[in-house]
Amino acid sequence: MQTFQHPVEKTTVTEGWQPNIDLLKRTLVSQGVTLYPDSEERLAQVPDEHFDIVTNSHGGLPIRDIARVLRPHGLFISQQVGATNNYSLSRFLNANYVPAFPDNNLPQVMTELQEAGFEILKSDEAFVKMNFTDVGAIVYYATVIPWEFPDFDVKKVMPQLHQLQKIIDSQGSVTTFEDRFIVLAKKN
C-alpha cells in the first residue's frame, strides 16, 4: 500500500483464485489489509455501499454487485482482457475453441455499466501485437492460460505446432493479438 500511500486499514482486496488468496493472506493481510475471498466473483461478503473506489484488473465483472458495493458517486476503474484475446492462435490450435468470456468486450461492459446507473468517464481499447519467435514459448503460454487454450495437449496439437514452426522459420515469428480495454465509470 506504500505505492498508493493509502492507509492499509482502509484498503480491501477481493480475490477469487485460491493461490492468490493464499499469497494475499501471507503478504497484505499480515499488514492490516482486509481480504474478502470471493471464489464466485460476486462480492457477496462485501457490505452494501462500502467503497468509494473499486478497481478491477482482469477479474470477473459482476457489474450489479459492483454498483451495490460502491457508495453514491463512487468510481469504478477496470482494465480487462477482451473476449478476442489471442483468438486466432487459440482457434488455430483448437478448431472448436470458443472464448471463455465472449461478452467481455468494451461495448458490452459499457452498456451494462450504464444500465446499472454508471456514467462512463473514460473508455479505450487496444489490440496489441504479440510475436512468438519460438514454438516452445507458445507451448508454455498455452499451458499457463487454460481459459484461452482449454485442454491443451502438446501431443494432440503437434501437427499445428510443426506448422507454426514453419511460419517462424520463414517469417521470423508468429503473431497473435492481445485484446485489452479500460473503463472508468462513476456511480450516479
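The table for this structure:
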item: Matching residues, segment 95-110, being farther than 14 Å from Gly82 by Cα and surrounded by 14 or more Cβ atoms within 10 Å (Cβ to Cβ); result: Tyr97
item: Selection count, segment 96-126, where residues are assigned to a strand (DSSP E or B), touching a residue at least 60 places away in the same chain (Cβ under 8 Å) and either more than 21 Å from Arg64 (Cβ to Cβ) or touching a Lys or Arg at 6+ places or on another chain (Cβ under 7 Å) (or both); result: 4
item: Verdict on Tyr36 being over 20 Å from Ala185 (Cα atoms), open to solvent by less than 60 Å² (accessible area, probe 1.4 Å) and of a type in the set (Phe, Trp, Tyr); result: yes
item: Residues (open to solvent by less than 40 Å² (accessible area, probe 1.4 Å) and in a strand (DSSP E or B)) located in segment 127-153; result: Phe132
item: Segment 154-168, residues that are open to solvent by 60 Å² or more (accessible area, probe 1.4 Å) and not in a helix (DSSP H, G or I); result: Lys155, Lys156
item: Filter result for Thr14 (open to solvent by 70 Å² or more (accessible area, probe 1.4 Å), within 26 Å of Glu148 (Cβ to Cβ), among the hydroxyl-bearing types (Ser, Thr, Tyr) and modelled with pLDDT of 90 or more); result: no
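The values are calculated or read from the model by the stated rules, or taken from the named source; none is laboratory data. All values reported here derive from a predicted model rather than from experimental measurement. Methodologically, a virtual Cβ is constructed for each residue, glycine included, from the backbone with ideal geometry; neighbour enumeration extends over all protein chains shown. Protein only, heavy atoms only, side chains kept; ligands, DNA and RNA dropped before computing areas. Shrake-Rupley method; radii C 1.70, N 1.55, O 1.52, S 1.80 Å.
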